[in-house]
Amino acid sequence: MAAPTDDTQVADNKMYRPPQREETQPSFDEIIERLRASLPKLPVIGGGGMAGLIFAGILVIALIWAGTGFYTVGPDQEAVLRTFGKFTGTSAPGLHWFYPGPIGKRNVVAVTTTRRMELGFRSGADGFTVAQSVTSESLMITGDENIVDVQAVVQYRIIDLPSFLFQVDDPGDSDRGVPPGRPDGRTLRDMTESALRQVVGSRNIDDVLTTEKEQVQTDVLLKMRELASSYRTGIEVIQVLLQNVNPPLEVQSAFEDVVRAREDRERLINLAEAYQAAEIPKATGEAAKITEAAEGFKQGRIALAQGEADGFAAILDGYLRSPDVTRQRLYLEAMEEILPGVRKFILSDSAVLPFLPLDGSLSSAGTVTGAGGGG
């Protein structure tokens, strides 16, 4: 085998030599040159230089800036677009592009979500547990000058997003995390309180506490919708629910007694109505029975009287034709009816003898001796 040449030896030495770190740092010109080499060759860059590099950097920044203009609107959302602060339109759900800031600005807001606002109380962390009562909002005066504590929940949603964002300047509501500028902050709370006080102030306390709560909710809902429309809030009030309606604590026991008395009255009325419903059919049946019996008795008496009248008319007709015969027949018929029920005696000069019936039965009566006869 031939011995390795010097070039081969040198190559071997370079191949197995461990890598060494360069102690010198690349200069600024070398960094620029490497950056230019990594960029695509553009006609504008031409012969190179700092101007081409700056243009490329601006182009990259412009592409990144333009890419930030893409945004997505969810199915339950709507976006409002502004150019240099002026409202220019809205966008429906989907993927869209709009001028990024500072030229354009977009607000994406959920518009189909049902939101709620509490009046007179503040819920706990879970949204249901009552944490505390806010008496400055809940205490109201009724039409009969009584004080009542009313707590309510308002459910609403956004129906006009541009009006919701731009028509009302609201200080916000820190309790519910509503930022300034949105009408569902203090504006909605004031509308609810105003409508509720107006409705409660036109009714008696008994109506608000017991029988008219549904009507109070309906009246407050109608007034709130009217106010929301006149203020151009872009809000639709869906429902108003009265949570707790109570008298003040100082007189609550007295009002509870009134409520219990009213419940007892209703219970007694129900019992009386049930008794009435059971007794009226029974009395109606008895009355019908008596009426039918009286009607039957009447018809019987009429028939009997008519028969007697017809019989008398027949006797009269026979008497007019044969007075003697008819008189004798009437006498015999009368005796036939009278004599069987009468105890009869035969009178003689010496004694009074009982009459023996012809059917063979013996009378139990003995012989009665007359006063002038012998024995």
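Derivation of every value follows stated rules applied to the coordinates shown; laboratory data play no part. In this text the structure is predicted, and so the values were computed from the model without any measurement. When we count neighbours, we look across all protein chains shown, and the Cβ atoms used for this are built from the backbone with ideal geometry, even at glycine.
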Excluding D170 itself, calculate the net charge of residues whose Cβ lies under 11 Å from the Cβ of D170, where each Lys or Arg counts +1 and each Asp or Glu counts -1. -1
Per-peptide average of other Cβ atoms within 10 Å, ordering 242-255, 84-97, 263-276 highest first: 242-255, 84-97, 263-276
In the neighborhood of E292, defined by Cβ-to-Cβ distances under 14 Å, what is the net charge if each Lys or Arg adds +1 and each Asp or Glu adds -1? 0
Taking the simple approach of a point 7 Å from Cα along Cα-to-Cβ for both S133 and A294, what is their distance in nm? 6.4 nm
